[in-house]
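Note sheet for the following structure.
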Amino acid sequence: MILEILKYPDKRLRTIAKPVEEVNREIKQLAKDMFQTMYEAPGIGLAATQVNFHQRLIVIDISEECNQPLCLINPEIIEKNGEIEYEEGCLSVPNYYENVKRANEIKVSALNELGQPFEIEADEMLSICIQHEMDHLNGILFVDHLSKLKQKRLKKKAEKQSKKL
């Protein structure tokens, strides 16, 4: 099922997600629906917060062929190294792209969609994507990493757009 993606400046995007207590049928279905929504959008990552479910779950697929799905439930960054700056976009902030600095290499512990714990080491694009989606779980958008002036301009533009809808 395709889910509705919340758009900035929707206040629900600022909700801090709660840990997933149990990887049950509902969580597995949510992950499946999130993958479908992300591929349809199209995007390379989606956090549950963006589809108005406030639990710590993200889905990612940075492959060109959309055949390397990665589901992270209750993800935690346990190591960070280096720095990378990359132009990011967001399904919740359509048609807006800006450079953001993040850790280049990270190590993450999480549960998979079967509820099994695992660790993953990521760098470059995958690292950026995981950090971007994890920010969503904490009520943070990539635009929060920008200067106050850019944030102000974007908010005005987004508010105008939402009034047109």
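Considering 84, 106, which residue is surrounded by 15 or more Cβ atoms within 10 Å (Cβ to Cβ), under 16 Å from the mean Cα position of the chain (by Cα), farther than 18 Å from residue 5 by Cβ and without any contact (Cβ under 8 Å) to a residue 60 or more places away in the chain?
106
Which one of 32, 28, 7 is over 22 Å from residue 120 (Cα atoms) and surrounded by 13 or more Cβ atoms within 10 Å (Cβ to Cβ)?
Unique residue meeting the criteria: 7.
Residues that are part of a helix (DSSP H, G or I), loosely packed, with under 15 Cβ neighbours inside 10 Å and modelled with pLDDT of 95 or more: does region 37-53 have at least one?
Among the residues of region 37-53, at least one is part of a helix (DSSP H, G or I), loosely packed, with under 15 Cβ neighbours inside 10 Å and modelled with pLDDT of 95 or more, which makes the answer yes.
Does region 11-33 contain at least one residue that is in a helix (DSSP H, G or I), among the polar types (S, T, N, Q) and closer than 22 Å to residue 77 by Cβ?
Among the residues of region 11-33, not one is in a helix (DSSP H, G or I), among the polar types (S, T, N, Q) and closer than 22 Å to residue 77 by Cβ, which makes the answer no.
Starting from residues that are touching a residue at least 24 places away in the same chain (Cβ under 8 Å) and under 13 Å from residue 8 (Cα atoms), keep the ones in region 125-156 and report whichever is surrounded by the most Cβ atoms within 10 Å (Cβ to Cβ).
Looking at residues that are touching a residue at least 24 places away in the same chain (Cβ under 8 Å) and under 13 Å from residue 8 (Cα atoms), I get 136.
Of the residues in region 54-65, how many are in a loop (DSSP other than H, G, I, E, B) and closer than 17 Å to residue 89 by Cβ? Quick ask: steps written out before the conclusion?
If we filter region 54-65 for residues that are in a loop (DSSP other than H, G, I, E, B), which is where we start, we get 54, 56, 61-65.
Still in the list and also closer than 17 Å to residue 89 by Cβ: 61-62, 64.
The total comes to 3.
Please verify whether residue 78 is aliphatic (A, V, I, L, M) and assigned to a strand (DSSP E or B), treating the condition exactly as stated.
yes
Out of all the residues in region 124-143, is one or more over 20 Å from residue 55 (Cα atoms) and at pLDDT below 95?
For region 124-143, residues over 20 Å from residue 55 (Cα atoms) and at pLDDT below 95: present.
The values are calculated or read from the model by the stated rules, or taken from the named source; none is laboratory data. None of these values were measured; they are calculated from a predicted model. Note that each Cβ is placed from the backbone with ideal geometry, even for glycine, and that neighbours are counted across all protein chains shown.
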